[in-house]
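Working notes for the structure below.
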Amino acid sequence: MRGDDVQAMQTVLAKLGFDCGRADGIFGPNTLRALTEFQQNYGITADGICGVNSIRALERTSSQSGEGPGIVTVREYETLLTSQDNAERPRIVVGCFDSNTRLTRLLVRELRNRGDDVMTIENADPHTHARMANSFDADVYIGVAGVETAAIQFAYYETDSFTSAGGRVAAELCAEFIRSTHPTSEVAVCGMQLPVLRETRMPAVMCMIGLLGGEDFALQTVPALAQAITQWNNQPL
């Protein structure tokens with residue numbers, strides 16, 4: 001089950017302290033568990049089905065829950081703060097969606113030379129990217145795709161009620177390092193709900209590289225991207 005109504009339910013559950021994971025609009029096992037725990041706490045039938053009684057209960061309780069960020073946001077901050085003190089090198093997934101394999105392979109080599117544990121994915125299906133990144137238990141996901149513009153855009157996961165703090169910082173760092181090495185380039189950062197950003201459980205950035213700048217320009221972004229990822233690992237918030 002997928003949809004905006006599922007995402008709205010996840011958002012309310014998170015604000016009430018029931019951890020269903022990221023509000024991705026997918027009714028998966030974490031959402032089922034969170035809904036069932038809410039039903040048990042509220043004293044209604046704990047069947048994991050968001051029927052009329054559950055909707056009314058969510059509406060009543062959420063009206064008194066305040067405007068806090070919710071348990072999912074708090075937990076992401078805690079995880080990132082803990083990782084700052086972790087001496088281990090990060091587990092990174094670099095995903096390629098199209099023919100930019102040369103760019104992504106250079107980026108993977110650059111990161112591995114820095115001592116990072118890197119897995120690469122070359123596949124057009126974003127769901128495959130998310131599934132493999134989650135299975136790898138990555139600390140950060142970096143996706144790369146070409147677009148028919150001369151600009152570079154970095155996207156992180158954001159909805160009306162949730163922003164991936166780690167993803168946003170990673171995207172902003174990528175943009176910052178690109179601007180420092182290519183000051184004349186058009187670079188943008190934005191929150192989006194792309195499938196790969198929504199379904200990955202770790203902070204994720206989608207890098208959309210303008211193909212009109214030419215392959216040489218795209219390849220020149222590799223050192224800056226590697227530096228940004230290294231900087232993010234040292235200070236993810």
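Please treat every number below as a calculation from the coordinates, not as lab data. In this text the structure is predicted, and so the values were computed from the model without any measurement. Positions of Cβ are generated from backbone atoms using ideal geometry, with glycine treated the same way; all protein chains shown enter the neighbour counts.
Run the numbers on the chain and let me know its relative contact order in percent, using alpha-carbon pairs under 8 Å that are six or more apart. If you can, show how the numbers build up before the last one.
On the way: 425 pairs, mean separation 46.9, N = 237.
Worked out over the chain, it gives 20 percent.
Taking other Cβ within 10 Å of each residue's Cβ, how do 219, 35 sort, fewest first?
Details: 219 15, 35 23.
So the ranking, lowest neighbour count to highest, is 219, 35.
Counting other beta carbons within 10 Å of each Cβ, put 96, 190 in order, fewest first. Write out the running numbers ahead of the final one.
Details: 96 23, 190 12.
Fewest to most other Cβ atoms nearby, the residues stand as 190, 96.
Convert each backbone phi in the stretch 163-178 into a coupling constant with the Karplus relation 6.51 cos²θ - 1.76 cosθ + 1.60 (shift: θ = phi - 60°), then list the ³J(HN,Hα) values in order as whole Hz, x for Gly and Pro.
10, 6, 4, x, x, 5, 4, 4, 5, 5, 5, 4, 5, 4, 6, 5
Using only the Cα atoms of the stretch 4-68, what are the Rg and Dmax in Å?
Answer for the stretch 4-68, Rg first and Dmax second: 10.5, 28 Å.
Over the alpha-carbon set of the stretch 127-179, work out the extent along each principal axis and list the three values in angstrom, largest first.
Taking the Cα atoms of the stretch 127-179, the three principal extents are 34, 25, 22 Å.
How would you rank 129, 182, going from fewest to most other Cβ atoms within 10 Å of each one's own Cβ? Kindly include the intermediate steps, with their values, before the conclusion.
Details: 129 25, 182 16.
Exposure proxy ranking, most exposed first: 182, 129.
Once all Cα-Cα distances of the chain are split into 5 Å bins that start at 0, what whole-number percent is in each one?
Over the chain, the share of Cα pairs per 5 Å bin runs 1, 7, 14, 17, 17, 14, 10, 8, 6, 3, 2, 0, 0 percent.
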